[in-house]
Amino acid sequence: MKPWEANFRNVTPYVPGEQPKQTGVIKLNTNENPYGPSPAVKKALEDFDTERLRLYPDPASQVLVDALAKRYGLGTDQVFVGVGSDDVLAMSFLTFFNSGKPILFPDISYSFYSVWAELYRIPYERPALDETFRIRKEDYYKENGGVIFPNPNAPTSLALGLAEVEDIVAHNQKSVVIVDEAYIDFGGESALGLLSRYENLLVVQTFSKSRSMAGLRIGYAMGAPALIRALNDVKYSFNSYTMNQTSLVLGTAALEDEAYFRETVGKIRATRERAKERLSDLGFVCPEPSANFIFAGRPGTDAKALFDALREKNIYVRHFDGPRIGDYLRITIGTDEQMERLFEFLENYL
Ligand code: PMP
């Protein structure tokens, strides 16, 4: 080992889902949207004046912040944007979780949370989900340095009711509670309505799933002005220009096409409900899905072997090793045709 290597920051990184290089893949492994972004986004890209790229983007991302504030009925001082919700969440860990007390998030949850906690050396505890994969709200009533959970949860797709979310926020008025709503447009009830009553609540959402723009990287947080100010202070201490010119323009265009958003989200929800029935007919069990994916396992069927067999046939889903979750596959909802190909395979395989 070189002497300076002792000074490296040792981290075990988050492992993103595979992005296969070959064509003809049925890609149901990273919760992307099977439909393209709104035609309004295509138009905005065609109209984009590349001369603008000469200039730095607006560090305050004001057009996008204003459009989001209008869409959600909030003040422009209540919105923060970043490079995907991963960036917004990483920034939030850095900004809000500095008490030295353990932060709390579920044992089965978005696996990036523990990576950020390790990176920033934030102590953490992971209360176990109950035997039906539900978050037990009482586990979050103890002393802590902050709380974060996805709603709907990932990879289970299970939503926590708004009353329970509120109970968790209400019991934690000494710390910041972050509700990661990456998948909320597909089901469950947003905590946004609680913002007027809780100054310790931060709601984080993304353009990657319901707005079909994972490739552009846009995420946002909504909360009390004091939280947004604190996030901006940290952002400006890290990198002033997180949002590029095209993201600002195309993100704003996407928000203007509410009809397309509703139509595509509606289609995915309908496909999900049909997929749930088909999986159940094939003997799979799953927690009630509320996101754009289903977490399905089949008693007596080895999930890892099934994952490998699917991959062999160019059907990509996600399998996570680990106690309890190792028996399940996380299947992103694709188009009806893609799901049909999956079911044809499963019928033969089983
Ligand atoms: N939160 C959860 C629960 C997720 O599953 C994801 C997607 N990997 C993200 C946040 C981050 O999504 P993005 O950075 O694309 O907004």
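The values are calculated or read from the model by the stated rules, or taken from the named source; none is laboratory data. Note that the structure is a prediction, hence the values are computed from the model and not measured. Here Cβ is always computed from backbone atoms with ideal geometry, including for glycine, and neighbour counts include all displayed protein chains. For the accessible areas, the whole protein counts, side chains as well, though only heavy atoms, and no ligand, DNA or RNA atoms are used. Shrake-Rupley method; radii C 1.70, N 1.55, O 1.52, S 1.80 Å.
Please specify each residue of region 202-241 satisfying the condition of being more than 16 Å from the ligand (Cβ to nearest atom) and either in a helix (DSSP H, G or I) or touching a strand residue (DSSP E or B) at 6+ places or on another chain (Cβ under 8 Å) (or both).
Matches in region 202-241: Gly223, Ala224, Pro225, Ala226, Leu227, Ile228, Arg229, Ala230, Asn232, Asp233, Val234, Tyr236.
Return the residue satisfying two criteria in turn: it lies in region 71-87 and is among the hydroxyl-bearing types (Ser, Thr, Tyr) and in contact (Cβ under 8 Å) with a residue 60 or more places away in the chain, and of such residues it is least open to solvent (accessible area, probe 1.4 Å).
That would be Ser85.
Got a number for residues in region 97-131 being assigned to a helix (DSSP H, G or I) and within 16 Å of the ligand (Cβ to nearest atom)?
7
Working only within region 305-330, note down all residues that are part of a helix (DSSP H, G or I), without any contact (Cβ under 8 Å) to a residue 24 or more places away in the chain and under 23 Å from Ala128 (Cα atoms).
Gly326 - this is the single residue of region 305-330 that is part of a helix (DSSP H, G or I), without any contact (Cβ under 8 Å) to a residue 24 or more places away in the chain and under 23 Å from Ala128 (Cα atoms).
With within 12 Å of the ligand (Cβ to nearest atom), of a type in the set (Val, Ile, Thr), assigned to a helix (DSSP H, G or I) and touching a strand residue (DSSP E or B) at 6+ places or on another chain (Cβ under 6 Å) as the only criterion, which of Val88, Val81 stands out?
Criteria check complete, one pass: Val88.
Which pairs have Cβ atoms under 8 Å, sit 6 or more apart or on different chains, and link a residue in region 265-277 that is among the hydroxyl-bearing types (Ser, Thr, Tyr) to one that is at pLDDT 95 or above?
Filtered contacts from region 265-277: Thr271/Ile333; Thr271/Gly334; Thr271/Thr335; Thr271/Asp336; Thr271/Met339.
Working only within region 276-318, note down all residues that are open to solvent by less than 30 Å² (accessible area, probe 1.4 Å) and within 21 Å of the chain's Cα centre (by Cα).
Pro287, Pro289, Ser290, Ala291, Asn292, Phe293, Ile294, Phe295, Ala296, Tyr316, Val317, listed by residue number.
Return the pairs, sorted by first residue and then second, in which the second residue is within 13 Å of the ligand (Cβ to nearest atom) and basic (Lys, Arg), the first residue lies in region 134-162 and is part of a loop (DSSP other than H, G, I, E, B), the beta carbons are less than 9 Å apart, and the residues are 6+ apart or on different chains.
Ala154/Arg330; Pro155/Arg318; Pro155/Arg330; Thr156/Arg330; Ser157/Arg330
Got a sec? Which of Ala44, Ala69 is under 22 Å from the mean Cα position of the chain (by Cα) and more than 16 Å from the ligand (Cβ to nearest atom)?
None of the others qualify; the one that does is Ala69.
List the pairs whose first member sits in region 42-70 and is of a type in the set (Val, Ile, Thr), whose second member is open to solvent by less than 70 Å² (accessible area, probe 1.4 Å) and at pLDDT 95 or above, and whose Cβ atoms are under 9 Å apart, counting only residues at least 6 apart or on separate chains?
Between residues of region 42-70 that are of a type in the set (Val, Ile, Thr) and residues that are open to solvent by less than 70 Å² (accessible area, probe 1.4 Å) and at pLDDT 95 or above, the close pairs are Val63/Leu248; Val63/Val249; Val63/Gly251; Val63/Thr252; Val65/Val79; Val65/Phe80; Val65/Val81; Val65/Tyr220.
Would it be correct to say that Asn172 is open to solvent by 30 Å² or more (accessible area, probe 1.4 Å) and either away from the ligand (no atom under 16 Å from the Cβ) or on the phi < 0 side of the Ramachandran plot (or both)?
No.
Across region 14-51, what is the total count of residues that are open to solvent by 50 Å² or more (accessible area, probe 1.4 Å) and at pLDDT 95 or above?
Qualifying residue count for the region: 12.
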